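The values are calculated or read from the model by the stated rules, or taken from the named source; none is laboratory data. A quick note: this is a predicted structure, and the numbers were derived from the prediction, not measured. Ideal geometry is used to build each Cβ from the backbone, glycine not excepted, and the neighbour counts take in all protein chains shown. These accessible areas exclude ligands, DNA and RNA; they are computed on the full protein's heavy atoms, side chains included. Shrake-Rupley method; radii C 1.70, N 1.55, O 1.52, S 1.80 Å.
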Amino acid sequence: MGEVDPTFIQDPQHRPKLVVTEARGIPQIDLTPLIDPSSPATAVEDLVDQVRDACRDWGFFQVFNHGIPLQSRERLMAAAKRFFDQPLEEKRKVRRDEANPQGYYDTEHTKNVRDWKEVFDITVEVPTVMYASPEPDDQQTTHYINQWPDHPPELREACEEYVKDVQKLSYKLLELISLSLNLPANRFEPFFSKDQTSFIRLNHYPPCPAPDLALGVGRHKDALALTILAQDDVGGLEVKRKTDGEWIFVNPTPNTFIINVGDLIQVWSNDRYESVEHRVMVNSARERFSIPFFLSPAHYTMVEPLAELIDEHNPAKYKSYNWGKFFATRKRSNFKKLNSTFINKFKHKTSSHHLLNPSLSDPKNPSIIHSAIHHHSAMGELDPTFIQEPQHRPKPAVIQAHGIPQIDLSPLLDSTSANANSIEDLVAEVCDACKNWGFFQVINHGVPIESRERLMSATKRFFDQTTEEKRKVRRDEANPFGYYDTEHTKNVRDWKEVFDFTVEVPTTMPTSHEPDDERTIEYPNQWPQHPPELREVCEEYVKEVQKLSFKLLELISLSLNLPANRLEPFFSKDQTTFVRLNHYPPCLAPDLALGVGRHKDAGALTILAQDDVGGLEVKRKTDGEWIFVKPTPNAFIINVGDIIQVWSNDAYESVEHRVRVNSTRERFSVPFFVNPAHYTVVEPLAEMTNERNPAKYKAYNWGKFFVTRKLSNFKKLDVENIQIYHFKKPKELKIDDVVSRVENLVV
């Protein structure tokens, strides 16, 4: 692509914050080499490297093939649910208190704000020895024992079985972390071999009536050494990404554990690894369960940077502190609100930063509190103790944080499941996706994966050729189909190269964008000599995706309460649909450039196939956040374009999106742009307008619109390229509106 010259550089407000490789979420690590004795030594070395990178860059990672039987985890999850399903009175029979912190509790606080959850804590070593008080001179200890409820009777056995399995995993992880710090594998073992204070927690997060105000657990760091978390399929954990402070939702992955390093490892490593802030979101629809295992050393452990990790150039960054006293102090906030934080008091040569919480009742906005306390749920009233300060409140509900909707098209393919109800459900899903996102993914769509794989393979071979070879089929203003590497979006050059080919051969288009010029021109495809199979695989792919496009148009039509074939006439003859092969090479400055700048698609519908690298981001309608669309194998990403927005009279909206690039991996994608005949006059459909909902757009000619848009590919424009809002009608002021405004002025 050449140097990153100014033509590529986005305006600051539109630049991506980080490379796409980090946007996928916390790392996933396969622990097979620890379980399979036949694994070579190099496999373990690679594993140690992965753990080092994850601990250094994220502080979090997920592990799979970890050796813990799925049945053990499932039995405990089932028993936990049965426990929390009991009446509050029954659960409080094993309620924990300041004398014994093991048992049931439902009023825990984080950062002095009450968490939307209830918990049941079990200690691993029975009894667990702890200091009786946080006072430095008080050496008296106390013994903590577990409180087991009568119901469900299997809870104790399920917990104890699970603990044995997870404890084995915890020691394996400590060895990997130790090796990743260039220490002996058993370096941490003495801290945990006797009198450890580890415990396990069963978490229950009931549905919350105000998920935009409360959190299941507020932002915090784990005070101990290591946390091993099992979560169900609902999800809610968010991790604060170190690179930019963004909250990253951790998508649940079946039968994995989420691992995070705690404060102790941060201190032992002398800040090589960092304990990272995280929180738990709640939602209004589904309860959630999770089980963290908190690995903690003996109460008498003195915590300080390990001698092997300090020297003259890297002196100890922390003073020594006693783990038991630290833990006892932290526990006080579960029963009383504290005036200051405790965690940074042992840092050398830094200010003892204290966080003073303002009033939680927010006197500047009493209406929020007033409305919130009238909500009821399993947690009782949503009173001010639950409400996060505005800067720490979650933006969307967790159900929105998963990304664009995924829709299963099986009812269209399977005649046995294609009953009226399943089709109606499918139409309803499409309606919600188009209305709320403008984007969705489809699976079980009927396009053979072999067809897609052949096209992706041929695409790579084409772009692997020299620029000189590719430019033999270069497109220009005379023919917009073929190869091109200097395309612009919003007058900024895109970091990509493309190859376009039309579906209907030849494709007829207006000769110019001038309104009075009625001449047309026929565009043929330009096929390269290499790879020789490119034309055949492209044409085969088009046949398959075209079938899908008509099915999707029918679903969208039905979702607007129109006949299934209402949109078909626009595409049955002379359509101007085309396909693009995109190649995004690695970029030297992914924080400055974009593969494609922010834009909306001008056509009717886009059907996108992307590889496993990913890069597409969608601007979420609810809050304007850029949402990364994680690649799903053999799925297509669908988005409605400007034409459907106009036809639907704004019932559906064409949504802004963009493509990020990264510095390490090339990316390929294949969008199929569904467009009508050039002579199509685009305007709101008659069925979508009435006296109360008049047409919001003036009619425009699609061919002229398309030709005008294409001009910016070959020259920078002095003004923004043509958009559908240029055809937006001014809102008509009704007499009722006038009366209302006059009344407001009088008031």
Item to check | Scaled radius of gyration (Cα, divided by 2.2 N^0.38 Å) that the stretch 478-596 gives | outcome: 1.30
Checklist entry - With each label point set 7 Å from Cα along the Cα-Cβ vector, what nm distance links E160 and W527? => result 7.3
Checklist outcome for this item: Probe 1.4 Å, heavy atoms of protein chains only: per residue, the accessible area of the stretch 476-537 in Å² is 47
Checklist outcome for this item: For the pair N690 and K551, the simple spin-label estimate (label points 7 Å beyond Cα toward Cβ) gives in nm 3.3
Checklist outcome for this item: Counting lysine pairs in the stretch 533-686 that sit 8 or more positions apart or on different chains, with Cα atoms under 16 Å apart, gives 6
Item to check | Solvent-accessible area per residue for the stretch 138-280 (1.4 angstrom probe, square angstrom) | outcome: 35
Item to check | Set of the stretch 254-289 residues, backbone N closer than 20 Å to the point 7 Å along the Cα-Cβ line of M302 | outcome: 264-271
Item to check | Solvent-accessible area, 1.4 Å probe, carbon plus sulfur percent, for the stretch 415-492 | outcome: 48
Checklist outcome for this item: For the stretch 628-635, Karplus-derived ³J(HN,Hα) couplings (6.51, -1.76, 1.60; θ = phi - 60°; whole Hz; x for glycine and proline) come out as 6, 9, 5, x, 10, x, 6, 9
Item to check | Signed unit charges on C-beta, dipole axis of the stretch 575-686, positive-most listed residue I638, T577, V659 | outcome: V659
Next on the checklist: Quick check on packing: order 134-142, 460-468 by the mean number of other C-beta atoms within 10 Å, highest mean leading.
Outcome noted: 460-468, 134-142
Item to check | Carbon plus sulfur fraction of accessible area for the stretch 75-176, probe 1.4 Å, in percent | outcome: 47
Item to check | In Å, descending, principal axis extents of the Cα set of the stretch 584-655 | outcome: 42, 29, 21
Checklist entry - By per-residue mean of other Cβ atoms within 10 Å, what is the highest-first order of 622-628, 441-447? => result 441-447, 622-628
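Counting only protein heavy atoms, what percent of the accessible surface of the stretch 581-722 is carbon or sulfur at a 1.4 Å probe? List each step's numbers first, then the result.
Working: 2550 of 4910 Å².
So the carbon and sulfur contribution to the accessible surface is 52 percent.
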Checklist outcome for this item: Semi-axes (Å, rounded, descending) of the ellipsoid equivalent to the stretch 220-312 per its C-alpha gyration tensor are 29, 16, 10
Checklist entry - Roughly speaking, what % of Cα-Cα pairs in the stretch 136-177 are separated by over 18 Å, rounded to a whole number? => result 57
Checklist entry - Under Stokes-Einstein, with the Kirkwood radius over Cα pairs standing in for Rh, what whole-number D in µm²/s applies to the stretch 599-640 at 25 °C and 0.890 mPa s? => result 214
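Take each of the peptides 105-113, 599-607, average the number of other beta-carbon atoms within 10 Å over its residues, and list them starting from the highest.
Result, highest mean first: 599-607, 105-113.
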Next on the checklist: Quick check of the Kirkwood formula: for the stretch 52-139, what is the inverse mean of 1/r over all pairs of different Cα atoms, in Å?
Outcome noted: 16.8
Checklist entry - Once the other residues with Cβ under 12 Å from the Cβ of I265 are scored (Lys, Arg +1; Asp, Glu -1), what is the net sum? => result 0
Checklist entry - Mind listing the phi-derived Karplus ³J(HN,Hα) values for the stretch 695-706, rounded to whole Hz, using 6.51, -1.76 and 1.60 with θ = phi - 60°, and x for any glycine or proline? => result 4, 8, 10, 7, 5, 9, 8, 4, x, 5, 4, 4
Item to check | Virtual paramagnetic centre 7 Å along Cα→Cβ of A99, amide N under 13 Å, in the stretch 139-154 | outcome: 143-145
Next on the checklist: What is the sum of charges, Lys and Arg at +1 and Asp and Glu at -1, for the other residues whose Cβ falls under 9 Å from the Cβ of T467?
Outcome noted: -2
Checklist entry - Relative to the present Cα-Cα distance, how much length would full extension add between A41 and T466 at 0.36 nm per residue of separation? => result 149.0 nm
